[in-house]
Amino acid sequence: MRHLPSRPTRASRRRVLGALVAGLLCTAGTVVPAAAHAPAPPPAAGPRAANGLALTPPMGFNNWNSTHCRAEFDEEMVRGIADIFVEKGLKDAGYEYVNLDDCWAVPERDAEGKLVADPVRFPHGIKAVADYVHAKGLKLGIYTSAGTRTCDSVGIPGALGHEFSDARQFADWGVDYLKYDNCNNQGVDAKERYTTMRDALAATGRPIVYSICEWGENKPWEWAAELGNLWRTTGDINDSWGSMLSIMKQNLPLSAAAGPGHWNDPDMLEVGNGGMTDTEYRTHFSMWSVMAAPLLIGSDLRTASRETFDILSNEEVIAVDQDPLGKQGKVLSSEGGRWVVAKEMKDGSRAVALFNETGSPQRIATTAAAVGLPRASGYTVRDLWDHTTRNTAGGLSTTVPPHGTVLLRVAADRRWAAHPPGVELALEGSPLVEAGRTATLTTKATDLGRTPALTVSAALTGPSGWRVEAASPTRTAALPTGGALATRWRVTAPAGASPGGYDLALTAQYRSPTGERIRSAVAFRAHVVVPPPAGGGYLGDLPQLSASNGYGPVEKDTSNGESAAGDGHPLTIGGQVYAKGLGVHAASSVEYYAGGACDTVTAQVGVDDEKGSKGSVAFEIRADGRKAASTGVLTNAMAPQPLSADVTGAQVVRLVVTDGGDGVDSDHGDWGDLRITC
């Protein structure tokens, strides 16, 4: 099953169309055109890792995510991006390639069978653009498809049957990078098509990074290292949390395939395009770096915000991606959406991503030993986003905000005592507050360091109008290693506070043994919640604490539909229509407040009929993190399945839909007749 969202991006729609056209043409007996001006292929080239290119993951820019084929993709834009790389320090940070995607050419070849640049978009031709980019000390990339046409609906010529001619033309223009797509492939074996272009590039004698954009359909991680420098492991990304998360999860298990000169490619960066928060974009950038993924900027830097540049230019994070050892990070744990991913670095340190998939703050913990470091008297821990260094006795833990990532670089370092001790700030329990009622919360400041933290004080503050009062001591003279200052707080939200999330800030001040004064702070998201109605009712009618979805938003009382809100259809499973419920797309998670007052959640679940015979999903109901009920894998061929869960005493009920183990294509899940009894 193809690893694409069921409602693809614009590019993916064209690719699906291209595959269908390919099937029809093959059925009709269409013959692949003969190579234009193609010399006899040379002997098979060796693995692309031996060509000396992309020994660290490529870094640069590609216009597709921000412009697609719109008119603003032109020579002026490309020159402007090259200028910004230099002026904003991105070149110095390691960004090198300025890549053109689809739509740079006209729909027909010339009389000699050559590709022709669009004279409106590129009036001076591609070579002139390459010369401009090269003059900036940068490199130019270009795009075509391993088919008769590219993925654009206009039908721009692809390279199938023209590989040697097109490769020669790219080399003559001064192209340094080729993205080779998979549309309109006429049913020709993928490895055969990508091998031919490998040989064509080698025949030019020009060093050209070879990016295989095969969408992961034929498991290129198992064979493409002999052909290309990088290969797509997934379908197209789009600028949403659900898309980024789904692609990340598909790419993470493939760490064994990556290394210098041959990389897993989970698609380009969406950082700065506006569909995610800055916290989510920092996660995107952090996880791509831990996965040793190519870092190809997909936003229009001419209009990018300062926050976007701050994320993209974080050289400490970039150094994780560009580490010359070339290891992709490995998942150590992911229970409950609390991910620990560790990447071995050439200097013996470890990059450690503590990633919170969920919609609530989560404490995520591991140890220096667990991430692969040797026993030592102490360790240094560098926070790559806060740019602070602390010492630790070996514990690595922190509270990570919703959808956030704390990225650490940890080392067994004999100089650990030169740094102050690390103090973890945590909030015990879920900060759920009913408006007008006082809730008791407990915070902890724990010394993780090998050295003591001295004269420690804690403070908790809330939004304007909130009342926060300490109910136990907020100070202590010293915290030894592992010691904690626990403080109880009475927190009251205003009576008229609307349901939703509000930030509470916990700060701690302390001194290190050398006298250095340290201030640490962490934000917690408190939720003003509405108690469930007596007797219960339809769960989907209650306010959501959090929601994440594999594609588009979670839909209330309709199917998942397309990518926009409100575009679903009646919830329908096996011909049975449900007026109430939720429509989602794997992987999805939706949380509701039950307040300890409810006992049962019931639903009729299955794959929505809108995807025909496609789709396979599994459903779970969790009560305060405990699995209360689940199904096996359900397919579109199956009738609605009843699902009932005992959630007695739970504060939070979480509804989870995962894919059926074969990717997320068409995985529309319905929670029909979804009810809670209270």
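Rank the residues ASP74, ASP118, ASP102 as a footprinting-exposure proxy: fewest other Cβ atoms within 10 Å of their Cβ go first.
ASP118, ASP74, ASP102
Could you compute the FRET efficiency for SER333 and GLU192, with r as their C-beta to C-beta distance and R0 at 60 Å, rounded to 0.05?
0.90
May I ask you to evaluate 6.51 cos²θ - 1.76 cosθ + 1.60, the Karplus curve with θ = phi - 60°, for each residue of segment 308-313 and list the ³J(HN,Hα) values in order in whole Hz, giving x for glycine and proline?
Using θ = phi - 60°, the values come out as 4, 5, 4, 5, 5, 9 Hz.
So, with +1 on the Cβ of K and R and -1 on the Cβ of D and E, and no other charges, what is the size of the charge dipole of segment 371-445 about its Cα centre, to the nearest 20 debye?
Details: 8 positive and 6 negative charges, 69 e Å.
Its charge dipole is roughly 340 debye.
Could you work out the local net charge near LYS444, counting Lys and Arg as +1, Asp and Glu as -1, over the other residues with Cβ closer than 13 Å to its Cβ?
Here the charged neighbours net out to -1.
Using Cα-Cα distances under 8 Å and only pairs 6 or more residues apart, what relative contact order does the chain have, in percent? Intermediate values should be presented prior to the final figure.
Working: 1814 pairs, mean separation 66.8, N = 678.
Taking the mean separation of contacting Cα pairs over the length of the chain, I get 10 percent.
In nm, give the distance between the simple-model label positions of THR648 and THR461, each being 7 Å from the Cα along the Cα-to-Cβ direction.
Roughly 4.5 nm, to one decimal.
With 27 Å as the limit, write out which pairs from LYS330/LYS556; LYS91/LYS327; LYS139/LYS327; LYS127/LYS179; LYS346/LYS444 have Cα-Cα distances beyond it, or answer none.
Numbers: LYS330/LYS556 36 Å; LYS91/LYS327 23 Å; LYS139/LYS327 25 Å; LYS127/LYS179 17 Å; LYS346/LYS444 35 Å.
Pairs exceeding 27 Å: LYS330/LYS556; LYS346/LYS444.
Just to be sure I understand the model, the point goes 7 Å from the Cα along the line to the Cβ. What's the resulting ALA495 to ALA523 distance in nm?
According to this spin-label approximation, the distance is 3.0 nm.
Kindly state, to the nearest 0.05, the FRET efficiency for GLU87 paired with ASP172, given R0 = 25 Å and r defined as their beta-carbon distance.
Numbers: r = 30 Å, r/R0 = 1.19.
The pair GLU87/ASP172 has a calculated efficiency of 0.25.
Find which of ALA445, ASN99, THR602 sits farthest along the positive direction of the dipole of the chain, computed with +1 on the beta-carbon of Lys and Arg, -1 on that of Asp and Glu, about the Cα centre.
ALA445
Treating the beta-carbon of each Lys and Arg as +1 and of each Asp and Glu as -1, no other charges, what is the dipole magnitude of the chain about its Cα centre, to the nearest 20 debye?
2060 debye
Under 8 Å for C-alpha pairs, at least 6 residues apart: give me the relative contact order for segment 329-419, rounded to a whole percent.
Over segment 329-419, the number comes to 31 percent.
Taking the alpha-carbon centroid of each part, what is the distance from segment 642-678 to segment 457-520 in angstrom?
Comparing the Cα centres of segment 642-678 and segment 457-520, I get a distance of 36 Å.
Between ARG488 and ASP131, what length comes free when the chain is fully extended (0.36 nm per residue of separation minus the Cα-Cα distance, one decimal in nm)?
The ARG488-ASP131 span can extend by a further 122.0 nm.
What list do you get for ARG149, ARG490 if you sort them by fewest beta carbons within 10 Å? Mind showing how you got there, number by number?
Working: ARG149 22, ARG490 13.
Neighbour counts put them in this order, fewest first: ARG490, ARG149.
Search the structure for amide H atoms under 5 Å from the amide H of ALA497, placed 1.01 Å from N in the peptide plane, and list their residues when 5 or more places away or on another chain.
For ALA497, whose amide H was placed from the backbone, the distant partners under 5 Å are GLY436.
Would you mind computing Rg(Cα) / (2.2 N^0.38 Å) for segment 423-529, counting N as its residues?
After normalising by residue count via 2.2 N^0.38 Å, the value is 1.13.
Per residue of the chain, what 222 nm ellipticity follows from adding -39500 (n - 2.57) for every DSSP H run with n ≥ 4, rounded to the nearest 500? Write out the running numbers ahead of the final one.
On the way: 11 runs with 114 residues, N = 678.
Taken over the chain, the calculation gives -5000 deg cm²/dmol.
For ARG390, ARG475, which order do you get if you count the other beta carbons within 10 Å of each Cβ and list the fewest first? It would help to have the intermediate numbers written out before the result.
Working: ARG390 23, ARG475 12.
Going from sparsest to densest Cβ surroundings: ARG475, ARG390.
Over segment 192-238, what is the relative contact order in percent, taking alpha-carbon pairs closer than 8 angstrom and at least six residues apart? Don't jump to the answer; show the numbers that get you there.
Details: 50 pairs, mean separation 17.3, N = 47.
Worked out over segment 192-238, it gives 37 percent.
Among (i) -0.44, -0.58, -0.94; (ii) -0.38, -0.52, -1.00; (iii) -0.65, -0.79, -1.16, which one is log10 I(q)/I(0) by the Debye sum over Cα atoms at q = 0.06, 0.07, 0.10 Å⁻¹ computed from these coordinates?
Comparing each candidate, only (ii) matches the computed number.
Toward the positive end of the charge dipole of segment 307-395, about the Cα centre and with charges on Cβ (Lys, Arg +1; Asp, Glu -1), which of LEU332, ILE318, ALA376 goes farthest?
Checking the options against the dipole of segment 307-395, the answer is ALA376.
Under 1.5 on a/c is rounded, so check that first for segment 499-555, then, if it is not, pick prolate when a/b is larger than b/c and oblate when it is not; a ≥ b ≥ c are the square roots of the alpha carbon gyration tensor eigenvalues.
prolate
Using only the alpha-carbon atoms, what does segment 56-177 span along each of its principal axes? Please give whole angstrom values in decreasing order.
42, 28, 26
Ordered by packing density, taken as the mean number of other Cβ atoms within 10 Å over each peptide's residues, highest first, how do 151-157, 94-100, 254-260 rank? The partial results should precede the final answer.
On the way: 151-157: 20.4, 94-100: 24.6, 254-260: 18.1.
With the highest mean Cβ count within 10 Å placed first, the list reads 94-100, 151-157, 254-260.
Spelling out what I want: for every residue of segment 336-353, take phi, set θ = phi - 60°, compute 6.51 cos²θ - 1.76 cosθ + 1.60 (Karplus), and round to whole Hz; glycine and proline get x.
x, x, 9, 9, 10, 10, 10, 10, 6, 10, 4, 7, x, 6, 10, 8, 10, 9
Treating only the Cβ of Lys, Arg, Asp and Glu as charged (+1, +1, -1, -1), what charge dipole size does segment 537-677 show about its Cα centre? Round to the nearest 20 debye.
Magnitude of the dipole: close to 340 debye.
Alpha carbon centre of segment 364-437 versus segment 103-117: separation in Å?
55 Å
Using θ = phi - 60° and the Karplus curve 6.51 cos²θ - 1.76 cosθ + 1.60, what whole-Hz ³J(HN,Hα) does each residue of segment 217-233 get, with Gly and Pro shown as x?
Each residue's phi maps through the Karplus curve to give 5, 10, 6, x, 4, 8, 9, 7, 4, 7, 10, x, 8, 7, 9, 5, 9 Hz.
May I ask you to derive the FRET efficiency for THR635 and THR277 from their Cβ-Cβ distance with R0 = 35 Å, giving the value to the nearest 0.05?
0.50
Where a number appears in this text, it was derived from the coordinates with a stated rule and is not lab data. Treat the numbers as computed from the prediction; the structure is a model and nothing was measured. Positions of Cβ are backbone-derived with ideal geometry, glycine not excepted, and every protein chain shown enters the neighbour counts.
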